[in-house]
1. Can you tell me which residues in region 56-103 are under 26 Å from the mean Cα position of the chain (by Cα) and modelled with pLDDT under 80?
2. Take the conditions within 28 Å of the chain's Cα centre (by Cα), at pLDDT 90 or above, within 30 Å of residue 22 (Cα to Cα) and of a type in the set (Val, Ile, Thr) and apply them to residue 40. Does it pass?
3. Identify the single condition in (1) at pLDDT 90 or above; (2) open to solvent by less than 100 Å² (accessible area, probe 1.4 Å) that residue 19 does not satisfy, given that it satisfies every other one.
Amino acid sequence: MEVNDERKVMDFADRHIGPRSEDIQVMLTAIGAESLEALIDQTVPEGIRFRGTMDWGPALSEGALLNQLSEIAAKNRPFRSFIGMGYADCFTPPVIQRNILENPGWSTQYTPNQ
């Protein structure tokens, strides 16, 4: 790897791993907080804060994690879905289905006349 390539990799990591300590200080100064802890004290109510330490266990590789999640998912048992019960076999007029239920303008942020 050439020096240029290494610098590109470093730049990419710097951009995507989070703010640098200088950036954090600039942001804290802009909002008037002394530290990140002080900011959290001002914004997160004490009643919902967790002050203990998290016991995450050892880190797993992606493959090991996928295997563990597959084992957990294999314990699921499919049951009958009761979502929509009472509405089964109802007649939806095509004009309603086409213009309301299937119209993405009702379910997306897109509006054609913006």
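The values are calculated or read from the model by the stated rules, or taken from the named source; none is laboratory data. This is a predicted model, so every value here is computed, not measured. Only protein heavy atoms, including side chains, enter the accessible area calculation; ligands, DNA and RNA are left aside. Shrake-Rupley method; radii C 1.70, N 1.55, O 1.52, S 1.80 Å.
1. 83 - this is the single residue of region 56-103 that is under 26 Å from the mean Cα position of the chain (by Cα) and modelled with pLDDT under 80.
2. yes
3. That leaves (1) as the condition not met.
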